[in-house]
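Enquirer: Submitted below is the structure of interest, expressed as structure tokens.
Every read-out reported here was derived from the displayed coordinates using simple, explicitly stated rules and does not represent laboratory data. Keep in mind it's a predicted model, so treat the numbers as computed, not measured. Heads up, the Cβs are rebuilt from the backbone with ideal geometry, glycines too, and the neighbour counts pull from every protein chain shown.
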């Protein structure tokens, strides 16, 4: 995908300078009125375009020249959410070290942590947490990354997040918590007892039981009824 498809000629020239490592020329063009934090056609930004070229040196130079790792596309995505689940975690490190927000959210109101969790990328999860990502940040429906990992049946990730302080007592907007998710999967036979995932599920169950959680847990319906009695808004 050529830069000419998305940007005006002046920005194309800036991007060419950046890709060629011509910092002086690129900086001069930026001083003369060009801006790396713009939306091109199809809502692409110069930084995202460079990332799509898989050009790390160019991305590093663009960040040095003022490209904002937090600059959002019109749909709400930014560079952090774009790379958070990438197998090559150098991209994520580079953007975070340039001031990227580890708690960035995407167009679906999912924190960047969810992208890493969704890809089963524990290294990316650790990088985000090491840069102060909130392990208990929630998505639109109020689930945290722990609940998201359970929802996609990745109990190795669930256990990993538990080891990193994820809140297993948190209930999402439906009233479901991790214990309910585990109970549901066990009672309905949704995880094969011969699978590695089952072992991680049972380790996760044991972990929260040792922290005082009882099984069977309250159902989401029962939790919502309690919330209603307590006068919680919306219930």
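Enquirer: Given the peptides 100-112, 209-221, 61-73, arrange them by the average over their residues of other C-beta atoms within 10 Å, most packed first.
Expert: Values: 100-112: 20.5, 209-221: 12.8, 61-73: 18.5.
Ranked by mean Cβ neighbours within 10 Å, highest first: 100-112, 61-73, 209-221.
Enquirer: Residue 97 to residue 22: FRET efficiency via 1/(1 + (r/R0)^6), r the Cβ-Cβ distance, R0 25 Å, to the nearest 0.05?
Expert: On the way: r = 23 Å, r/R0 = 0.92.
My answer for the efficiency is 0.60.
Enquirer: Mean residue ellipticity at 222 nm from the helices of the chain, using -39,500 (n - 2.57) per DSSP H segment of n ≥ 4 over the full residue count, to the nearest 500 deg cm²/dmol?
Expert: -14000 deg cm²/dmol
Enquirer: Next question. Packing-wise, with mean Cβ within 10 Å as the measure, how do 124-135, 183-194, 17-28 rank, highest first?
Expert: Top to bottom by mean Cβ count within 10 Å: 124-135, 17-28, 183-194.
Enquirer: So between residue 198 and residue 74, what do we pick up on full extension, going 0.36 nm a residue minus the alpha carbon distance?
Expert: Once the chain is fully extended between residue 198 and residue 74, it gains 40.5 nm.
Enquirer: Oh, and also: Going by the alpha-carbon gyration tensor, a ≥ b ≥ c the square roots of its eigenvalues, is the stretch 77-134 rounded (a/c under 1.5) or, if a/c is not under 1.5, prolate (a/b greater than b/c) versus oblate?
Expert: rounded
Enquirer: Also, I was wondering about something else. Work out how much length residue 184 to residue 64 would gain on full extension: take 0.36 nm times their residue separation and subtract the Cα-Cα distance, in nm to one decimal.
Expert: 38.3 nm
Enquirer: Among 76-88, 45-57, how do they line up from the highest to the lowest mean number of other beta-carbon atoms within 10 Å?
Expert: In descending order of packing, they fall as 76-88, 45-57.
Enquirer: Output the relative contact order of the chain, whole-number percent, from Cα pairs under 8 angstrom with separation of 6+ residues.
Expert: This gives 11 percent for the chain.
Enquirer: For the stretch 99-180, rounded, prolate or oblate, judged on the Cα gyration tensor with a ≥ b ≥ c (square roots of eigenvalues), a/c < 1.5 rounded, else prolate if a/b > b/c? Could the numbers behind the result be given before it?
Expert: Working: a/c = 1.68, a/b = 1.26, b/c = 1.34.
Note, shape of the stretch 99-180 comes out oblate.
Enquirer: A further question follows. Taking Cα pairs under 8 Å and at least six residues apart, what relative contact order does the stretch 1-106 come out at, in percent?
Expert: 21 percent
Enquirer: Follow-up. With a cut-off of 8 Å between alpha carbons and a minimum separation of six or more residues, what is the relative contact order of the stretch 77-134 in percent?
Expert: Once normalised by length, the contact order is 39 percent.
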